[in-house]
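Below is one structure; the comments refer to it alone.
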Amino acid sequence: EPYAVVNGGDGKALVVARMSGIVRGDEIPAAEVTVVDVGAGRIVRRDRLESAHMSEAAALAGGGQSALVPIVRVRNLVPITQVAQGWVMSAGLALSDPSTGNVVEMPLDDANRYYADPSGIAVDAGEQRAYIASSGGDVVTVVDLGRLRGWLNRATEAERRDAIDDLQLAGEYVVARIPTGKNPKQLALSPDGKTLYVAEWLQDSILTVDTGTLRPAGRIDLAGPGAGPGDDPVRRGEVVFARATTTFQSGFSCRSCHPDGHVDGLTYDFDIDGIGRDILDNRSLQGIAGTAPFKWNGKNPSLQVQCGPRFAKVLTRAAPFPDADLEDLDAFLESLPPTRTRKAGPLTAVQERGRELFFATRTTDGREIPRGLRCSTCHRPPLYTNTLSYDIGSKGQSDSAGLFDTPHLLGIAASAPYMHDGRAATLEEVWTVYNPRDTHGITNYMTKHQLNDLIEFLKTL
């Protein structure tokens, strides 16, 4: 999922910032800076951004030799008991040197205040400052690049390696925090560098900032008088979804785990079930209308229960959403369409063969498939779920129970990893590795080609 691209400076290379790669539930995630040789048409290097995701922007410094990428530093394998210490997510700035591949991750947060979901970045022509928009924190952070380079030159290798976890360090190089309107996403500097423009996504406006004083100078209204969320509960709900003020010290927003209402592809250890117990894969919010109950154990009968007091107790460690905000949030989530993973049009021959296997009532050698073990029984159209829970033999050592909610399959191609604990990195692994006794549907009769056909059909949903 590449989010940003910038010319590498020599006319031959591009630097691409990407979201987290696909990992199994117990693996450390990483985003990536991808260096592409445009002339040769090939990738020449991949720089790993350790434990990072939501790398949605990129800029260059050091004469085009250093890539600057805002990141969300995620510690999903740490029990959520640490949420009150800010140790679930924090904002950072990754500095990747395209010539060497060395990466240093620097914190952008303060010890007692976080600036969630860093999005856009802009660097001035003299490479003196970097401006970073915090879309969840409604602020632009100003970094003095000279001070930052000074610290990096003085620091030991161990200090550079551990820098991202030192939340007192930002004071070395962060020189200002500029308040903005709702959900600042992208930044641009005027040609003379005297004005910074901030796109306030959920306020339908552009903030102008005087870079001399580092203070807001004005605002360009893009929607006109009376525009904005107004009486639209979906729009108001999106504002609730994107803001971080609900969580402890504004550490993260709903969007931090569900970018664009989708999914971060990570697993989490919620301490409400016991530390090290019931480690669960995050699930996409796109296309969830009509798929209640929620959670992998199916305990939450509605989104308002899922996102209300239970959310506050488990995640935010702060007051729950007010009732009005909760209703708006519910409206927004219900409005999210399923992820689209294929072009419109008739199925290909391969996809059609896969569809026949999905709805099969008999194996290819004529044996009847028991009704309870047919794909279409539990994952029936149009939502491809029957909203019930089943024991499919997938209980792991950390699981308290073996009953799990049947997930819908809409957009499943874009929601890896799979199964309740993210143990399967690909759809193939769901059946080739984790269904040895045909307890998760009768699939062991399929040839490799048939399994490929089935998966190609699933990718169309």
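Some notes on this structure:
- Region 293-390: radius of gyration and largest Cα-Cα distance (Dmax), Å: 19.3, 59
- Here region 268-309 is treated with +1 on each Lys and Arg Cβ and -1 on each Asp and Glu Cβ, and its dipole about the Cα centre works out to around 200 debye.
- Spatial offset of region 112-180 relative to region 271-294 amounts to 33 Å, using the alpha carbon center of each.
- Among the listed values (1) 148, 85, 45; (2) 76, 55, 45; (3) 79, 54, 37, the one computed from these coordinates for Cα extents along the principal axes in Å is (2).
- Spin-label model, D365/T208: points 7 Å from Cα along the beta carbon direction are separated by 7.6 nm.
- Charge dipole of the chain (Cα centre as origin; +1 on each Lys and Arg Cβ, -1 on each Asp and Glu Cβ, all else neutral): 700 debye, rounded to the nearest 20.
- Amide H to amide H, with H built 1.01 Å from N, A13 comes under 5 Å of G8, V38, counting only residues 5 or more places away or on other chains.
- Farthest positive-ward along the chain dipole, Cα basis, beta-carbon charges - from N444, P407, A331: N444
- Once the Cα atoms are used to define both axes, helix 349-358 deviates from the longest principal axis of the chain by about 60 degrees.
- Straight-distance crosslink candidates among aspartates and glutamates, where the alpha carbon sits under 16 Å from K459 and sequence neighbours closer than 8 are dropped: E352, E356, E428, E429
- Mean separation of Cα pairs under 8 Å and 6 or more residues apart, divided by the residue count, gives the chain a relative contact order of 12 percent.
- Chain lengthening between K448 and I22 when straightened (0.36 nm per residue, less Cα-Cα): 151.1 nm
- Gain in span if fully extended, L403 to V5, counting 0.36 nm per residue against the direct Cα distance: 138.9 nm
- Nearest 10 degrees, 0 to 90: helix 448-458 Cα axis against the chain principal axis: 60 degrees
- Each residue of region 142-158 is assigned a 3J(HN,Hα), and the resulting list reads 9, 10, 7, 5, x, 5, 5, 5, x, 5, 4, 5, 7, 6, 7, 4, 5 Hz, derived from the Karplus form 6.51 cos²θ - 1.76 cosθ + 1.60 (θ = phi - 60°), x at Gly and Pro.
- From phi via Karplus (6.51, -1.76, 1.60), per-residue ³J(HN,Hα) for region 384-390 in Hz, x at Gly/Pro: 6, 7, 9, 6, 10, 10, 9
- Listed by chain and number, the lysines whose C-alpha is less than 23 Å from the C-alpha of K395, apart from same-chain residues fewer than 8 away, are K295, K299.
- Computed magnitude of the charge dipole of region 96-209 (debye, nearest 20; Cβ of K, R +1, Cβ of D, E -1): 260 debye
- Karplus-derived 3J(HN,Hα) values for region 104-114, using 6.51 cos²θ - 1.76 cosθ + 1.60 with θ = phi - 60°, are 10, 10, 10, x, 10, 8, 9, 5, 10, 7, 10 Hz; glycine and proline are entered as x.
Each value in this text was obtained by applying a stated rule to the coordinates, not by laboratory testing. Since this is a predicted model, take the numbers as computed values, not measurements. Positions of Cβ are generated from backbone atoms using ideal geometry, with glycine treated the same way; all protein chains shown enter the neighbour counts.
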